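First up is the structure itself, then whatever we jot down about it.
The values are calculated or read from the model by the stated rules, or taken from the named source; none is laboratory data. Please read all numbers here as calculations on a predicted model, not as lab measurements. So basically every Cβ, Gly included, is an ideal-geometry build from the backbone, and we count neighbours across all protein chains shown. Accessible surface is based on the protein model in full, side chains and every heavy atom, while ligands, DNA and RNA are left aside. Shrake-Rupley method; radii C 1.70, N 1.55, O 1.52, S 1.80 Å.
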Amino acid sequence: MSATQVRLVRLALIVALIALWEFYARFISTSSLVAGPSDVAMAWWPKVVGDARVLAAVGVTLIELVVAFAMSVVFGMLIGVLIGLSNIGRRSLYPLVLMLYGIPQAILLPLFVLVFGLGPASKIAFGFSHGIFPVIVNTIAGMRNVSPLLMAGAAAMGATRAQQVRHVIFPHMVTTVFAGLRLAMTLTLLYSETFNPAALMALVLTLALMAIALNELVRLVEARFSRWKD
């Protein structure tokens with residue numbers, strides 16, 4: 001199947017889902033909390049784009065998202081590399097990371113609010129707690145996929161530990177790490193709630209488009225670092 005055919009299939013699927021959503025909202029659903037695509041579209045301009053306060057809030061959310069994601073990437077990759085460099089780290093610390101990763105983050109929200117308050121700091125910290133673990137786990141997984149023969153060959157040629165990470169480990173773990181980065185970016189997305197279903201859905205879709213754009217940016221960066229495989 002060609003790339004054009006794949007795009008057409010995706011477009012057809014999106015159109016079909018929107019049509020089913022509109023049909024359900026108009027003719028099946030009896031709940032006032034369900035808004036169809038047409039209602040969402042009509043609410044998008046006055047409630048989201050046309051409201052300066054909402055746009056300002058979306059801008060703040062974007063900043064919080066970027067800061068939380070950047071912190072997740074930096075600290076997640078650093079911790080992942082430090083753990084993955086040795087058998088002791090993988091055996092002793094990696095199970096602890098997996099245990100913390102398995103804790104539902106929602107139950108920690110009151111703790112973040114208690115420590116950081118209700119401002120941006122608590123949202124950034126909460127997003128950071130969502131994003132860091134996928135980065136750590138995928139970084140370690142990527143490092144484990146590197147052939148020991150390559151590491152031994154680099155060491156035999158006098159490469160330092162930092163050079164081994166830069167020239168041997170990192171290029172071979174790009175795909176796995178960026179999978180973790182895309183997941184981390186998605187998990188750090190924050191948004192507010194409202195009781196207007198159409199306005200709420202319009203806001204959520206706006207933030208979802210923002211997340212899709214950032215995810216595409218991460219994919220482009222991944223493609224840039226993966227050129228050596230072609």
Applying the selection to segment 80-116, what residues are among the β-branched types (Val, Ile, Thr) and either under 26 Å from ASN145 (Cα atoms) or touching a His at 6+ places or on another chain (Cβ under 7 Å) (or both)? VAL81, ILE83, ILE88, VAL97
So, of the residues in segment 126-172 that are of a type in the set (Val, Ile, Thr) and open to solvent by 30 Å² or more (accessible area, probe 1.4 Å), which turns out to be farthest from PRO110 (Cα to Cα)? THR160
If a residue must be free of Cβ contacts under 8 Å to residues at least 40 places away in the same chain and part of a helix (DSSP H, G or I), how many such residues does segment 67-104 contain? 15
Could you list, in sequence order, all residues of segment 1-21 that are over 19 Å from VAL40 (Cα atoms), open to solvent by less than 70 Å² (accessible area, probe 1.4 Å) and in a helix (DSSP H, G or I)? ALA3, VAL6, ALA12
Which numbered condition TYR24 fails, given (1) exposed (fewer than 12 other Cβ atoms within 10 Å of the Cβ); (2) among the hydroxyl-bearing types (Ser, Thr, Tyr); (3) modelled with pLDDT of 80 or more: (1)
Identify, by number, the condition in (1) part of a helix (DSSP H, G or I); (2) β-branched (Val, Ile, Thr); (3) modelled with pLDDT under 70; (4) open to solvent by less than 60 Å² (accessible area, probe 1.4 Å) that THR186 doesn't meet. (4)
